[in-house]
Amino acid sequence: MADRVTVIGWDGSPLTPGARAALSAATLVAGAPRHLVLPDIPAGAERVQLGSLRLAAGRIAAHRGTAVVLADGDPGFFGVVRTLRHLEHGLEVEVMPAVSAVAAGFARAGMPWDDARIVTAQQRTLRRAVNVCRAHPKVAVLTSPGAGPAEIALLLGDVHRTFVICEALGTDRERVSVLTSDKVARHTWTDPNLVIVVGGTGGGATAADGGTGESWLAGLDPAAAVEPRGWGLDPAAYQQSALPAPGRTPHLRALELAVLGPRPGDLVWDIGAGSGLAALEAARHGAAVIAVDRDAEACAVAGATARRFGVQLHVVHGVAPQVLASLPEPDVVRVGGGGDRTLVACADRRPQRIVTHAMTRDQAEAAGRVLAGAGYTVRCTLLQSVELETQEWSEQGRSVVFLLAGSRP
């Protein structure tokens with residue numbers, strides 16, 4: 001095992017005396033190609049290029065001598081420190097951080113970032129990173145080759161955002177560009193870079209803290225802090241006056257959300273969304289949500305409610321299943337209307353989970369056959385709810401509905 005491992009963050013500024021001393025004593029230096037040409041590296045030191053962090057960590061662990069790892073910014077923030085500290089390698093490290101790319105990028109933009117979501121985008125995680133950009137009004141994306149500004153903009157599609165693109169921060173090639181997302185894909189961007197994606201509904205920390213302009217939790221989603229508290233609430237809690245359609249009780253909505261389990265990085269389809277209450281609550285869980293309905297008035301109500309509560313919601317007016325062909329790939333789907341043809345179209349897109357409901361057993365069996373035929377494991381539950389007036393404990397309303405949930409590995 002290496003006698004000593006020092007991780008040095010570099011932000012383009014001159015190295016500190018301590019960092020230079022550690023580097024001058026190194027017998028092995030690991031880093032990106034741009035780091036391995038620094039003049040402070042001893043001529044006789046072994047140089048290891050950081051391609052696969054796991055393989056590089058293995059070489060460092062096997063080295064007999066003093067090792068230094070060079071990394072951009074703060075190496076403990078989405079950086080090499082996590083890999084080096086993993087039990088597989090058992091390395092004890094000393095870290096000398098520099099200013100992180102995220103802090104530097106927001107400083108260049110003159111923006112606060114305690115209310116920003118921060119994600120790292122690689123080719124295998126790009127879609128989930130883009131879904132976070134759909135779901136939140138301020139996101140910093142640490143990019144990688146093949147998962148940069150152009151790819152993010154293309155996957156966002158017609159979701160309009162403003163991009164602040166920071167290239168080569170801290171070097172003499174530093175460049176900061178501000179573009180709308182529809183223009184980003186026309187340009188070529190150097191790696192690595194940081195992209196700050198802003199826009200959509202939401203007021204940042206001001207909305208989250210009730211208007212004081214102060215934030216108390218980093219990355220706080222405004223929709224997570226505002227009223228109303230809870231899930232599966234009555235329409236009145238969201239300042240909607242219309243009664244839900246038959247069978248669509250708040251209890252059903254809460255169980256549908258429990259089955260779907262929307263979370264940050266997910267894209268939720270809500271087909272037959274009506275006034276958008278299920279979509280709104282899925283978005284409050286941190287997921288990106290597309291709400292689809294054929295009723296223009298219902299779409300308008302859903303959009304207005306989302307704006308009122310500072311929640312990102314992409315509302316699409318159209319008829320399913322035809323309108324679904326142009327939508328990006330979902331992780332989970334709620335089918336609130338559209339019949340078996342819509343259910344087939346949703347299952348064809350292979351989401352992890354689908355929920356729907358039926359008013360009769362025949363309808364439930366037909367929906368179950370569709371989901372089972374598409375390879376889903378199907379569960380069906382008969383739900384009966386009775387509302388009671390608590391002064392005299394008299395019955396105020398009764399609902400009976402079948403809840404169907406399809407899941408696949």
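Of all positions in the range 41-52, at least one carries a residue that is touching a helix residue (DSSP H, G or I) at 6+ places or on another chain (Cβ under 6 Å) and closer than 19 Å to ASP191 by Cα. None of ALA283, ALA300, ALA306 is more than 15 Å from HIS136 (Cα to Cα) and not β-branched (Val, Ile, Thr) except ALA300. Residues in the range 255-281 that are in a helix (DSSP H, G or I) and either over 20 Å from PRO351 (Cβ atoms) or modelled with pLDDT under 90 (or both): LEU277 alone. The residues in the range 118-128 that are modelled with pLDDT of 95 or more and over 16 Å from PRO192 (Cα atoms) can be counted, and the count is 2. Can you pull out the residues in the range 290-335 that are among the β-branched types (Val, Ile, Thr), open to solvent by less than 20 Å² (accessible area, probe 1.4 Å) and within 24 Å of ARG128 (Cα to Cα)? Passing the criteria: ILE290, VAL292, VAL311, VAL332, VAL333, VAL335. Every condition in (1) free of Cβ contacts under 8 Å to residues at least 12 places away in the same chain; (2) more than 14 Å from LEU404 (Cβ to Cβ) holds for GLU365 except the one numbered (2). Residue count for the range 122-148, restricted to those that are among the β-branched types (Val, Ile, Thr), in contact with an Asp or Glu (Cβ under 8 Å, 6 or more places away or on another chain) and not in a loop (DSSP other than H, G, I, E, B): 0.
Within the range 160-182, residues that are farther than 25 Å from HIS136 by Cβ reach partners that are surrounded by 15 or more Cβ atoms within 10 Å (Cβ to Cβ) with beta carbons closer than 7 Å, at six or more positions or on different chains, in the pairs GLY170/ASP11; GLY170/GLY12; GLY170/ALA104; THR171/GLY12; GLU174/GLU167; GLU174/ALA168; ARG175/GLU167; ARG175/ALA168. Examine the range 75-84 for a residue that is over 24 Å from the mean Cα position of the chain (by Cα), touching a residue at least 12 places away in the same chain (Cβ under 8 Å) and under 21 Å from THR27 (Cβ atoms), and state whether such a residue exists. Taking every residue of the range 75-84 in turn, at least one turns out to be over 24 Å from the mean Cα position of the chain (by Cα), touching a residue at least 12 places away in the same chain (Cβ under 8 Å) and under 21 Å from THR27 (Cβ atoms).
Results for (1) closer than 21 Å to PRO14 by Cα; (2) of a type in the set (Asp, Glu), shown as yes or no for each residue.
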| residue | (1), (2) |
| --- | --- |
| ALA56 | no, no |
| ILE60 | no, no |
| HIS63 | no, no |
| THR66 | no, no |
| PRO75 | yes, no |
| ARG85 | no, no |
| GLU92 | no, yes |
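Of all residues in the range 127-171, those satisfying the criterion of being open to solvent by 50 Å² or more (accessible area, probe 1.4 Å) and closer than 19 Å to ALA116 by Cβ are ARG128, HIS160. When VAL119 is tested against the conditions (1) over 19 Å from ALA283 (Cβ atoms); (2) part of a strand (DSSP E or B), the lone failure is (1).
The number of residues in the range 258-306 that are more than 19 Å from THR342 (Cβ to Cβ), touching a residue at least 60 places away in the same chain (Cβ under 8 Å) and not basic (Lys, Arg) comes to 12.
I need a count of the residues in the range 172-218 that are part of a loop (DSSP other than H, G, I, E, B), modelled with pLDDT under 85 and either surrounded by 13 or more Cβ atoms within 10 Å (Cβ to Cβ) or of a type in the set (D, E, K, R) (or both).
Number satisfying all stated conditions: 11.
Has the range 172-181 got any residue that is within 15 Å of the chain's Cα centre (by Cα) and either farther than 29 Å from VAL332 by Cα or not acidic (Asp, Glu) (or both)? No, the range 172-181 has no match at all.
Beta carbons closer than 8 Å, at least 6 apart along the sequence or on distinct chains, pair a first residue in the range 323-334 that is closer than 7 Å to TRP269 by Cβ with a second that is of a type outside the set (Val, Ile, Thr) and open to solvent by 30 Å² or more (accessible area, probe 1.4 Å) for PRO330/ARG349; VAL333/ARG349; VAL333/ARG353.
Evaluating ILE118 against the criteria (1) under 15 Å from the mean Cα position of the chain (by Cα); (2) open to solvent by less than 40 Å² (accessible area, probe 1.4 Å) leaves one unmet condition, (2).
For the range 1-38, give me each residue that is farther than 17 Å from VAL99 by Cβ and of a type in the set (Ser, Thr, Tyr). Matches in the range 1-38: THR6, SER24, THR27. Looking only at the range 3-60, count every residue that is among the aliphatic types (A, V, I, L, M), open to solvent by 20 Å² or more (accessible area, probe 1.4 Å) and part of a helix (DSSP H, G or I) and tell me the total. Of the residues in the range 3-60, 3 are among the aliphatic types (A, V, I, L, M), open to solvent by 20 Å² or more (accessible area, probe 1.4 Å) and part of a helix (DSSP H, G or I). All of (1) at positive phi; (2) surrounded by 16 or more Cβ atoms within 10 Å (Cβ to Cβ) hold for ARG350 with one exception: (2).
Selection over the range 1-41 of residues that are among the charged types (D, E, K, R) and more than 27 Å from ARG173 (Cα to Cα) gives a count of 2. Considering only the range 89-104, I want to know if a residue exists there that is assigned to a helix (DSSP H, G or I), aliphatic (A, V, I, L, M), farther than 30 Å from GLY157 by Cβ and open to solvent by less than 10 Å² (accessible area, probe 1.4 Å). No, that holds for no residue.
The values are calculated or read from the model by the stated rules, or taken from the named source; none is laboratory data. The structure displayed is predicted, hence computed values, not measured ones. Please note: Cβ atoms are built from the backbone with ideal geometry, for glycine as well, and neighbour counts cover all protein chains shown. Surface accessibility is based on the protein's heavy atoms, side chains included, excluding ligands, DNA and RNA. Shrake-Rupley method; radii C 1.70, N 1.55, O 1.52, S 1.80 Å.
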